[in-house]
Amino acid sequence: MIIPDLVGLTVKEAAQVLLEAFPKISYEFRTYHSPISKNEKDTINVAYLVIRQRTIEDNNLELIISPFPRMNE
């Protein structure tokens, strides 16, 4: 099975890639928070990015996401 590299993508981007190019792959997101950033303020104005992915079984992916501060545009 061909697995796309989704590390570094946002949740929306990763889901879009999977839905459009790999419709037979099911996936689930799991959130990881650093022990240092357990404050509520650390979840304000963040983007969730895929930091890790692994194949659970055939056609099933687990995507670990974590919050990162958004850059001012």
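Quick check on my filter: what residues within segment 52-63 are part of a strand (DSSP E or B) and either loosely packed, with under 15 Cβ neighbours inside 10 Å or in contact with a helix residue (DSSP H, G or I) (Cβ under 8 Å, 6 or more places away or on another chain) (or both)?
As a first pass, look at segment 52-63 and keep what is part of a strand (DSSP E or B): 52-57, 60-63.
Selection gives Arg52, Arg54, Thr55, Ile56, Glu57, Asn60, Leu61, Glu62, Leu63.
Write out, first by first residue and then by second, each pair whose Cβ atoms fall under 8 Å of each other, whose residues are 6+ apart or on separate chains, and whose first residue, in segment 1-26, is closer than 16 Å to Asp58 by Cα while the second is of a type in the set (Asp, Glu) and exposed (fewer than 11 other Cβ atoms within 10 Å of the Cβ).
Pairs that qualify, where the first residue is closer than 16 Å to Asp58 by Cα and the partner is of a type in the set (Asp, Glu) and exposed (fewer than 11 other Cβ atoms within 10 Å of the Cβ), are Met1/Asp58.
When the residues of segment 22-39 are narrowed to those that are out of contact with any helix residue (DSSP H, G or I) (no Cβ under 8 Å at 6 or more places or on another chain) and closer than 17 Å to Thr55 by Cα, which ends up surrounded by the most Cβ atoms within 10 Å (Cβ to Cβ)?
Phe22
Output yes when any residue across segment 41-56 is polar (S, T, N, Q) and modelled with pLDDT of 90 or more, and no when none is.
Yes, segment 41-56 has at least one match.
The values are calculated or read from the model by the stated rules, or taken from the named source; none is laboratory data. Nothing here was measured: the structure is a model prediction, and the numbers come from that model. Cβ sites come from the backbone with ideal geometry, for glycine too, and all protein chains shown count toward neighbours.
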